[in-house]
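The values are calculated or read from the model by the stated rules, or taken from the named source; none is laboratory data. None of the values given here were measured: they were computed from a predicted structure. All Cβ positions, even for glycine, are placed from backbone atoms using ideal geometry, and neighbour counts span all protein chains on display. Protein only, heavy atoms only, side chains kept; ligands, DNA and RNA dropped before computing areas. Shrake-Rupley method; radii C 1.70, N 1.55, O 1.52, S 1.80 Å.
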Amino acid sequence: MKSNLLLNKIQLIQSEYKTLLAALLPKLKSHHAPEALDEINLFWLRHIEEVQLYLKSWFPGKNSYVFTAATYMDFDDNEHLPFLIIGEKHVLDDPLIRYSTMQTKMPEGKDAEFLYKQIGVTAEDNLKLLENIREEILILPLRLLNQSNDHNSLYKAGEQAFISLFNGINSLNDYFVKCNSIEDIVRFAREDIGRLIMFSEDDDSTLPLEERFRIASSQTQYMIDANKSDSYNFFILVFGCIQQAIDVIVSCVEYGCIPYIRYPVSLHYISLLSESMSDIEQITLLRFKMSVAFAVHHLCDKDRLGEVCLEEFLKKNRMYNFNEKLISTLTVHNINESNFLGHSIGQLVIDELEKFYDFLSKEDSVVLAENQPSN
């Protein structure tokens, strides 16, 4: 399929998805959400060939970013703006697909209410993106489509990564035989387990592991089962993060793109696991650009980015090319994919953002005059 025909087809799929979401929204905001999620899953499966062709032949590149490991983007809070100033091509890994895979295990009671509410919020946010910036950010089921990749060995790394947190435990079965209480977990845990795991962005690694686990359990009641053992709930909290990280790494390696991560816990596990995968081509660049994007996200002022209308923002963003300027600045300071862990880039990012805010605030006539080629 020629590139122009493929791009037109992808845009048509986006339009069809917008229509589908609008029709399904009442169901997605009710207890009929599982049925609606099935329809969304079937929609993407019907278009799997075109989407995979786009992701494999058109999307890959060192400036192609996927917004992933998130429950939704949050258009109303301008979360799309810092995403758009990083890179050239942008995809939102459809969060509704993750709920689709969960829906057969949907809990009951208050936990179900929490999930139904989140599904509704996510669906509404997807619609806002499709209605306002569908050509700038494509919504595609990236992590649904990595089943045919050649990196299945990476999935085994998830189990191995969890087991490696302990001494004297050789498998998941061995873990559940030897561990029941949090005290058992601590007894078998490596000395540095406190540094390796992260329960939440507010998790205090200086506290004893037992206390951190109790705090995390009280804050994630929708995830854990109070009737199950500590070892089961510890596994759910930690292994889920590990598997998500593996999933993101596999998808981004498969489709040659960079993960845009805003949640510190996700960044922690992706960074931790990818550190041992440096033999895979692209991982070093992935780690560098992911970290730079994370810094931009957390240091930018979304309100200042949003001071101009969206159309004006998009036009000036294309003219300015913030991403290229930031990478050039890092290069001038000898910060690159090989040594970025040894440098603090916060002030450099802030300085470059200030220049971009200034550019956004200028009148069009001034911008055009400044960008005229000199004689």
When the accessible area of the chain is split by element with a 1.4 Å probe, what percent falls to carbon and sulfur?
49
Selection from Thr68, Ala245, Ile13 lying farthest towards where the dipole of the chain points positive, charges on Cβ:
Ile13
Surface accessible to a 1.4 Å probe, Tyr320 within the full protein complex, Å²:
20
If you average 1/r over every pair of different alpha-carbon atoms in the stretch 2-131 and take one over that average, what Kirkwood value in Å do you get?
15.7
I'd like the Karplus ³J(HN,Hα) series for the stretch 285-294: coefficients 6.51, -1.76, 1.60, θ = phi - 60°, whole numbers in Hz, and an x wherever there's a Gly or Pro.
5, 4, 5, 5, 5, 4, 5, 5, 4, 4
Any idea which of Phe162, Leu326, Leu207 is furthest toward the positive side of the dipole for the chain, if Lys and Arg beta-carbons carry +1 and Asp and Glu beta-carbons -1?
Phe162
With charges set only on the Cβ (+1 for Lys and Arg, -1 for Asp and Glu), what does the dipole of the stretch 150-228 come to about its Cα centre, in debye to the nearest 20?
240
Ordered by residue, what ³J(HN,Hα) values in Hz, to whole numbers, does the stretch 76-88 give under the Karplus form 6.51 cos²θ - 1.76 cosθ + 1.60, where θ = phi - 60° and Gly and Pro are x?
4, 9, 6, 5, 6, 5, x, 5, 6, 7, 9, x, 10
For Tyr260, residues with placed amide H under 5 Å, excluding near neighbours
Val66, Phe67, Thr68
Send over the per residue convex hull volume for the chain, Cα only, as a whole number of Å³.
163
Ordering of 261-270, 116-125, 345-354 by burial proxy (mean other Cβ atoms within 10 Å per residue, highest first):
261-270, 116-125, 345-354
Taking a 1.4 Å probe, which of Trp58, Trp44 shows the most accessible area, and what order do the others take after it?
Trp58, Trp44
Expressed in nm to one decimal, what extension gain is obtained for the pair Glu124 and Leu45 from 0.36 nm per residue of sequence separation less their Cα-Cα distance?
26.3 nm
